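Since the structure comes first, as structure tokens, the remarks are kept for the end.
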Amino acid sequence: MSPLSAHELTQQRLADVTGIDESAVSHGQSVKSVYVYEAPVRIWHWINALAITVLAITGYFIGVPLPTMPGEASENYLMGYIRFAHFTAGYILAVGLAGRAYWAIVGNHHARELFWVPLFQKAYWREVFTMLKWYAFLIPQPGRYVGHNPLARLAMFSGFLALMIFMIVTGFALYGEGTQPGSWAHTLFTTWVIPLFGQSQDVHTWHRMGMWAIIIFVILHVYAAIREDIMGRQSIVSTMISGRRTFKD
Ligand code: HEM
Ligand code: HEM
């Protein structure tokens with residue numbers, strides 16, 4: 001074995017004392033990151049997640065109200081506040097989605113992934129099946145993706161976007177019943193949505209079913225995000241916070 005140079009000896013002692021192998025650090029490759037999600041996409045994601053949480057909790061109690069409140073009726077406005085929170089979060093959700101759609105036009109190409117899926121590309125479907133096999137523990141390694149993975153993209157489009165449009169349309173149709181004929185919500189939504197489903201109670205039931213579908217989406221989505229972060233080949237959760245994707249290998 002060749003004797004160590006003075007510099008290597010110093011490095012060796014430093015590693016022994018501090019536990020930090022300086023030479024390994026200096027020879028290590030620098031971490032490269034790609035800027036994927038721009039600030040408006042990230043801000044929208046977290047506001048949207050918060051709005052949906054409020055909508056699901058308040059919506060649940062609108063359909064299955066709390067037992068009667070004690071005391072004078074005029075002293076209690078609990079259901080009123082619950083409905084107010086629901087409608088406020090409903091407006092935030094709808095305006096937020098419109099803003100997100102605008103950003104799909106002016107933002108980078110990853111901002112468009114939520115709004116369309118390359119259904120007719122064979123290569124795309126191959127990647128979808130690769131990801132399915134990865135989630136089913138059938139292959140040892142998934143692919144590496146800068147934007148959403150192909151399966152996530154399909155879930156976002158069919159399980160999130162379509163469902164959100166459904167909830168907004170049925171939500172404002174119900175809202176228009178309260179704001180009465182002549183209001184914009186009644187004119188734009190109530191007039192055709194209620195007859196389409198049959199009657200008001202049918203719209204309530206479908207709107208409530210939509211909530212359960214969203215809850216299923218969120219459970220799968222959060223599971224996949226955390227699982228990919230731990231087991232996948234790239235950063236996931238931190239990417240929706242900082243916007244940057246880093247790769248592990
Ligand atoms: C993620 C989105 C949403 C979820 C999970 C959700 C959930 C719910 C649920 C579970 C109900 C009770 C249905 C029932 O059993 O009768 C409800 C009612 C309602 N929601 Fe939503 N909703 C959402 C979006 C919206 C939006 C965007 C609006 C528009 C303002 C809206 C307006 C309403 C109205 C007006 C009612 C009926 C209130 C009442 O009858 O007192 N919802 N929602
Ligand atoms: C109500 C709850 C949530 C909903 C509805 C939701 C919905 C979405 C949607 C629609 C996207 C696509 C974003 C875009 O392309 O514009 C997305 C991405 C993402 N979400 Fe959520 N999200 C929710 C909660 C969460 C939570 C709690 C986490 C963290 C654990 C999370 C982590 C992520 C990550 C990491 C991405 C990017 C995934 C990727 O890079 O492929 N989400 N989410």
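No lab work stands behind these numbers, since they all come straight from the coordinates. Worth saying up front: this structure is predicted, and the values here are computed from it rather than measured. Neighbour counts are summed over all protein chains in view; Cβ atoms, including those assigned to glycine, are modelled from backbone coordinates with ideal geometry.
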Legend entry - Relative compactness, the range 83-215, computed as alpha-carbon Rg over 2.2 N^0.38 Å: 1.31
Inset, instruction - For the range 195-249, just the Cα set please: Rg and Dmax, both in angstrom. - result: 18.2, 56
Legend entry - Contour excess over end-to-end distance, with Cα ends at V95 and R42 and 0.36 nm allotted per residue: 17.5 nm
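Around T239, with a cut-off of 14 angstrom between Cβ atoms, what is the net charge of the other residues, counting Lys and Arg +1 and Asp and Glu -1?
Summing Lys and Arg as +1 and Asp and Glu as -1 gives +3.
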Legend entry - Residues with amide H under 5 Å from that of I139, placed H, sequence gap 5 or more: W134
Inset, instruction - Compute the Rg/Rh shape ratio of the range 187-227: radius of gyration over Kirkwood radius, all on alpha-carbon atoms. - result: 1.25
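Kindly put L151, L196, L119 in sequence by how many other C-beta atoms sit within 10 Å of each C-beta, fewest to most.
If I rank by nearby Cβ atoms, fewest first, I get L119, L196, L151.
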Legend entry - Computed lengthening from I105 to Y60, 0.36 nm per intervening residue step minus Cα-Cα distance: 12.7 nm
Legend entry - Per-residue Cβ neighbour rank within 10 angstrom, fewest leading, V41, V34, V64, V95: V64, V95, V34, V41
Legend entry - Backbone N under 11 Å from the W212 label point (7 Å along Cα→Cβ), restricted to the range 163-187: none
Legend entry - Exposure proxy order (Cβ contacts within 10 Å, fewest to most) of V218, V193: V218, V193
Inset, instruction - Please pull out the direction-averaged projected area of the chain, using the convex hull of its alpha-carbon atoms, in nm² to one decimal place. - result: 23.2
Inset, instruction - Compute the signed sum of charges (Lys and Arg +1, Asp and Glu -1) over the other residues within less than 14 Å, Cβ to Cβ, of M131. - result: +4
Inset, instruction - Determine which lysines satisfy two conditions relative to K133: a Cα distance under 27 Å, and not lying fewer than 8 residues away in the same chain. - result: K122, K248
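Counting pairs of alpha carbon atoms under 8 Å apart in space and at least six apart in sequence, what relative contact order in percent does the chain give?
22
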